[in-house]
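Only one structure is covered here, and it is reproduced in the block below.
The values are calculated or read from the model by the stated rules, or taken from the named source; none is laboratory data. Given the structure is predicted, the values throughout are model-derived calculations rather than measurements. So basically every Cβ, Gly included, is an ideal-geometry build from the backbone, and we count neighbours across all protein chains shown. We work out accessible area using only protein heavy atoms, side chains counted, and drop any ligands, DNA or RNA first. Shrake-Rupley method; radii C 1.70, N 1.55, O 1.52, S 1.80 Å.
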There are 4 protein chains.
Amino acid sequence: MTLKLGVIGAGRIGKIHAENLARRIPETTVLAVADIDMMAARNLAESLSIPLATVNPSEVITLPDLDAVVICSATETHTPLIIEAARAGKHIFCEKPIDLDLQRIDEALAAVEQAGVKLQVGFNRRYDANFCQIRDVIQAGRIGEPHIVQITSRDPAPPPLDYVRASGGIFLDMTIHDFDMARFLVDSPVTEVYAAGSVLIDPAIGDADDFDTAVTTLRYASGAICVINNSRQAVYGYDQTVEVLGSKGSVRTANNTAHRAVVTDPEGEHGPIPLYFFLERYTDAYIAEMRDFVDTLIHDRMPSVSGADGRAPVVIGLAATKSAREGRPVKLSEIE
Amino acid sequence: MTLKLGVIGAGRIGKIHAENLARRIPETTVLAVADIDMMAARNLAESLSIPLATVNPSEVITLPDLDAVVICSATETHTPLIIEAARAGKHIFCEKPIDLDLQRIDEALAAVEQAGVKLQVGFNRRYDANFCQIRDVIQAGRIGEPHIVQITSRDPAPPPLDYVRASGGIFLDMTIHDFDMARFLVDSPVTEVYAAGSVLIDPAIGDADDFDTAVTTLRYASGAICVINNSRQAVYGYDQTVEVLGSKGSVRTANNTAHRAVVTDPEGEHGPIPLYFFLERYTDAYIAEMRDFVDTLIHDRMPSVSGADGRAPVVIGLAATKSAREGRPVKLSEIE
Amino acid sequence: MTLKLGVIGAGRIGKIHAENLARRIPETTVLAVADIDMMAARNLAESLSIPLATVNPSEVITLPDLDAVVICSATETHTPLIIEAARAGKHIFCEKPIDLDLQRIDEALAAVEQAGVKLQVGFNRRYDANFCQIRDVIQAGRIGEPHIVQITSRDPAPPPLDYVRASGGIFLDMTIHDFDMARFLVDSPVTEVYAAGSVLIDPAIGDADDFDTAVTTLRYASGAICVINNSRQAVYGYDQTVEVLGSKGSVRTANNTAHRAVVTDPEGEHGPIPLYFFLERYTDAYIAEMRDFVDTLIHDRMPSVSGADGRAPVVIGLAATKSAREGRPVKLSEIE
Amino acid sequence: MTLKLGVIGAGRIGKIHAENLARRIPETTVLAVADIDMMAARNLAESLSIPLATVNPSEVITLPDLDAVVICSATETHTPLIIEAARAGKHIFCEKPIDLDLQRIDEALAAVEQAGVKLQVGFNRRYDANFCQIRDVIQAGRIGEPHIVQITSRDPAPPPLDYVRASGGIFLDMTIHDFDMARFLVDSPVTEVYAAGSVLIDPAIGDADDFDTAVTTLRYASGAICVINNSRQAVYGYDQTVEVLGSKGSVRTANNTAHRAVVTDPEGEHGPIPLYFFLERYTDAYIAEMRDFVDTLIHDRMPSVSGADGRAPVVIGLAATKSAREGRPVKLSEIE
């Protein structure tokens, strides 16, 4: 059996998914790629021998043989494309976030449900070997009941200001991955958020009404507490670690590095920095994610990262944004 | 020159200070020890060849030759003993916290100032090699401006319930050390506190109107953010680590262990747990602390940990307590 | 430009090279695969859409369009196949060891030289990120002149006895990789070998006149000393590490692991074991190795791992074998 | 009960033992100290309030109340002092090595046996927490039967040339500690030694007919193999680590460091170097060693490190010296 897929969006992440589907997942064929920039679509199509390149995503979605679409275009296009694909009876992989507006997300999820197609949302970190291991350890009961979750999530450098302005703010753009991680690791609903944001790296980020440094506290219904620290600039690279304290022990993970060599000289021991950014750190996670999407379709099972999993972190992100602006903890029930 | 000291309080911490003074700091002699339990005083005096044991702290304070007193008795006795010692012209080392009541602290500090004696407050972690190194790294500018401070501070097991009830609550008893650490590491005033507490370990602690698990967020005037996570029970031992992210890098410290041997077998790599509790972890810090107090007296210099340093964490602790109870961030200006 | 290659040998390592060439190196096409087991050849050919499967390696070598052959068949076939391929004007990648007999190696190398084709020998560890980093650190002068090289090289489990009997002994089968590493890391000829072997894991290995545990000391002309420790059975997995002490510092590398998560419980800290064996540990190294071979052909440059590099470790291995048997250090000049 | 001891030798190691006995072991009193340099004896006596200082060791040994002597004088004085002390009925702690001459050692041990006094030899590393843990792990059977022992033992800087010339050579001066470690960790006699020495650090050491870099291979009767690497100059500090591979796993230890703080910046992760030298690394081991000697006397038990334990590493050291000079493995039976 060969699955036929189309990719919408030929940017950084679209390229990764297209290449993984074309080269590393033998059961799939990429039939088409769309991008608002025709050159981008054409270049990607050529490099991977994809038959069709177009500026029109509908052309991809309506391809008669197509089994599924992989939506990697700008966030504001996600909802209409999900609805269009669902109505066309295509399965859908959509990059995070589904949308920054809850009502639109609900419309998208309703269309998916009505059409009976599968939707998987792109929270790639769930496929990282380190975080999988942390979850496995917790699920196996090795650390007992989770009490405290600590997530460190820092980028090596801030994005361009234009990106910042359109991003929906740090909590919906960056921390949203950590909100998903908080949900992935602990099986208890998040009920309240307190976010403290600062502008310490670039005043222009503050001028854009955003933060570049933030600490967010989440409360779970179980009483467990999660704390996330974010920075738009850890000068030593992409810092992505988690520690969970439970009633029977703790589990933590270190960063991945390009190698494990350490030099010792009279100044000290010198080891490697973390892998630079998400493309380097999550290379294997992106393959595993797409592999899982394809297996979900082939074996006709429920997606591992559902539409509801795509919606929930947006709710938390909206609450965090409100919390940081109003200087008070915000219950998720205020957002819903 | 030999300094003559008296120790008030022959409990766990009084014993440590007395023994360090008697055995490890050659410039000092311990003349007397007082404790409400005469047997405790007598046993300690005998084991260290201290001439006088008494139930009456005034008897110690008024010894004519005495240079200084080391106050290790119950918290509620600190203020009257400080005032009495100051009026008697004795220098003072006082265990943390000075008091749980700001007005009483201010009375004690006023008495100290009026008498012109020196007062050092017992924040022993400032003398730990790991935390000293973190501070040195920051002071040397190696990580630039601090942006995020993460403090993990967990006990191996909860104290007895009687202790909990008299402790003033987790924020004034346990987190107070971390508030001091937050001030020790970053040279910017703390301005606001948000504390989220839970009862996850022992419901009886909740019945005592206290928490056993807490995450506290501090804001510094500089915009930097500190986050502290506390647990009354990390089953693997005393977990005392810090990480600071700055504009030019980060610095973190691991726990100390009894040895550095690691076994590798088919199940994995197995290394040692942290040293069990504060007596084990801070053995050297307690010596260095008393050494510093003695040097302060000998060289007639300002105490490294002043009365103001003793007062500030109590203000933060009161704010944290209020925050956790009222479910909102509390500015320190509300407490003063 | 597309390079056309044939693979001889469809066993474990042949499959890896064939798959890497077919799937991960876009500039190459695999035209044919040969194996003495026709089913093995056919299965590999089918799984990778290779047009020709045969039991006859000559059929591969004589394919008119073929640019190069990748020889992964049994060691005793290497020399005749190299000679045949060289005479047919094909470039050659040959797995280690070229041969266990120096005279035959010399005949093979002479044929290669006469034909003017390129020959690369399969010392895959030279392409491992950790060992590359060690070499880079040394080459950059960061640790000064090398004084002591320590190589730990242990398999997770002994090979089948049939394999042991045909292997040429531990020094020519297993330690040969470490002899190559010793040469890769230090730019000074090895001059003398002392090998101490024991049978501690399986008496049957001793019955086969071989060792399962060995410590080998190499002297370089520079005076530096290399010591290699081998075991056929490290029950925790494939242990492959190196440390080099130099005049200005040292450099070492740890093993790779499947993840970096660590659990801490009252028994200790528990981290992951090394990746199981060479297929897991050197996955990326095998790709990099074949990538380098292809680049060598495309850019018409000297092979990174030459015929002489393939010959030298065999000389050391013969000396080590002699040393272990005769219980004395053996100079390489005795072997040549 | 208070033990009365005398210290012979007020050099670096004599000072350590005297201070530990005087300050850290409450059950002991130091009655006298002797040194060929009267000022050294007097200074040490004064700093520790020791009643008698003398240039004459016999004056110490013959003190009527004395229970034991601690011999820390030059190696060539050990044998006559042991004999004199034994005849005077005093228990003896003697620094390593007992002597460099086997016949003299045997005379010393015979005198000890005849007198029925206790003799403990100063192999301080047996009291280091890391090495104790390694031994405990092995004794508990956690790694099964030992197969390979790796000892790294490197000084931060070479000793003065005068010291080198009188030292008996690297194997009897420095490696002797590692020979003792090899015996401490594995309960099987060493039977054969092969030592490869080089002069890579200071040609003057070679001129003194010694080596500054060495790799020594020991065979145990069990078939296990131990390999020791020594350097007189690891520029990053005192490197003292051990790894043991056994049939069920391995155990290794890292070095101790002054703190556990790590800085991460764009160049990498930067941790601390090992503690500088033996005084820093083995501070606690020296206390534990003297503590054990005192307990041995108080509880009238067999010394943990016996005269035979003092003799055996000298035999190995003589064999290693012969091996390095003659370029061949040497059986211990050749030395006896």
*Cα-centre dipole for the stretch C:95-243 with unit charges at Cβ (Lys and Arg positive, Asp and Glu negative), debye to 20*: 480 debye
*Any idea what the C:ALA166 label distances to the other copies are, label 7 Å down the Cα→Cβ vector, nm, shortest first?*
6.2, 6.5, 8.0
*Quick one: with label points 7 Å out along Cα→Cβ, list the inter-copy distances for B:THR283 in nm, shortest first?*
1.1, 4.5, 4.6
*If you take the charge dipole of the stretch D:200-336 about its Cα centre, with +1 on Lys and Arg Cβ and -1 on Asp and Glu Cβ, which of D:GLY310, D:PHE277, D:MET290 is farthest toward its positive end?*
D:GLY310
*Over the stretch B:150-284, volume per residue of the alpha carbon convex hull, in Å³*: 145 Å³
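Report the B-D buried area as the accessible area lost on both sides summed, probe 1.4 Å, in Å² to the nearest 100. Write out the running numbers ahead of the final one.
On the way: alone 15080 and 15090 Å², together 27800 Å².
So the total buried area for this chain pair works out to about 2400 Å².
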_For peptide A:244-257, what's the mean number of Cβ atoms from other chains within 10 Å of each residue's Cβ?_
6
*Using a 1.4 Å probe on the heavy atoms of the protein chains only, list every residue of the stretch D:136-155 that has 50 Å² or more less accessible area in the complete assembly than in its chain alone.*
D:ARG142, D:HIS147, D:ILE148, D:GLN150, D:ARG154
*Given label points at 7 Å from Cα along Cα→Cβ, what nm distances, shortest first, separate B:SER304 from the same residue in every other copy?*
3.2, 5.1, 5.1
_Counting only other chains, and only Cβ atoms inside 10 Å, what mean value do you get across the residues of C:271-277?_
3
*Two-site label geometry, B:ALA74 and D:ARG328: point separation in nm, points 7 Å out along Cα→Cβ*: 8.2 nm
*Could you please report the charge total around C:SER73, scoring K, R as +1 and D, E as -1 over all other residues with beta-carbon less than 10 angstrom from its beta-carbon?*
-3
*Using alpha-carbon positions, what is the distance between the centroids of the stretch B:247-269 and the stretch A:93-137, in Å?*
36 Å
*Karplus-derived 3J(HN,Hα), 6.51/-1.76/1.60, for each residue of the stretch A:143-158, Hz, glycine and proline x*: 10, x, 6, x, 10, 10, 10, 10, 10, 9, 8, 9, 8, x, 7, x
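Suppose a student asked you for the relative contact order of the stretch D:225-336, using Cα pairs under 8 Å spaced at least 6 residues apart; what percent would you report?
Taking the mean separation of contacting Cα pairs over the length of the stretch D:225-336, I get 15 percent.
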*Search the structure for amide H atoms under 5 Å from the amide H of C:ASP202, placed 1.01 Å from N in the peptide plane, and list their residues when 5 or more places away or on another chain.*
none
*When every alpha-carbon pair in the stretch D:47-178 is counted, what percent end up more than 21 Å apart?*
55 percent
*How much of the accessible area of the protein assembly as shown, probe 1.4 Å, is carbon plus sulfur, in whole percent?*
50 percent
*Find the chain A residue whose Cβ sits closest to the rotation axis that carries A onto C, and give that distance in whole Å.*
A:ARG23, 3
_Which log10 I(q)/I(0) values does the stretch B:206-334 give at q = 0.11 Å⁻¹ under the Debye formula, counting every alpha carbon as one identical point scatterer?_
-0.65
*Among A:LYS4/C:LYS15; B:LYS4/B:LYS118; A:LYS15/A:LYS96; B:LYS4/B:LYS90; D:LYS4/D:LYS90, which pairs are too far apart, with a Cα-Cα distance over 20 Å?*
A:LYS4/C:LYS15
_Rounded accessible area per residue of the protein assembly as shown, 1.4 Å, Å²_ = 36 Å²
_Diffusion constant of the stretch C:193-251 at 25 °C, which comes from Stokes-Einstein with the Kirkwood Cα-pair radius and 0.890 mPa s, µm²/s_ = 183 µm²/s
_Cβ-derived FRET efficiency at R0 51 Å, D:GLU145 paired with D:THR2, nearest 0.05_ = 0.70
*Using the Cα centre as the reference, give the magnitude of the dipole from point charges on the C-beta atoms of the stretch D:238-279 (Lys, Arg: +1; Asp, Glu: -1; all else neutral), rounded to the nearest 20 debye.*
320 debye
_Net charge within 11 Å of B:TYR194 by Cβ-Cβ distance, Lys/Arg positive one each and Asp/Glu negative one each, not counting B:TYR194 itself?_
+3
*All-pairs alpha carbon distance profile, the protein assembly as shown, 10 Å steps from 0, percent*: 2, 8, 14, 17, 18, 17, 12, 7, 4, 1, 0
_Computed [θ] at 222 nm, helices only, for chain C once each DSSP H run of length n ≥ 4 contributes -39500 (n - 2.57)_ = -11000 deg cm²/dmol
*Which distance in Å, rounded to a whole number, links the C-alpha centroids of the stretch C:172-226 and the stretch B:54-77?*
70 Å
*Name the aspartates and glutamates eligible as straight-distance cross-link partners of A:LYS322: C-alpha to C-alpha under 15 Å, and not fewer than 8 places from it in the same chain.*
A:ASP101, A:ASP173, A:GLU192, A:ASP209, A:ASP210, A:GLU334, A:GLU336
*For the stretch B:12-80, what class follows from the C-alpha gyration tensor (a ≥ b ≥ c being the square roots of its eigenvalues): rounded when a/c is under 1.5, otherwise prolate if a/b is larger than b/c, else oblate?*
rounded
*Quick one: Kirkwood hydrodynamic radius for chain D, alpha-carbon pairs, angstrom, one decimal?*
20.8 Å
*Measure of size requested: the Rg and Dmax of the stretch C:74-117, with Cα atoms as the atom set and Å as the unit; please supply both.*
9.3, 25
*Nearest-20 debye value, chain A charge dipole, Cβ charges on Lys, Arg, Asp, Glu*: 620 debye
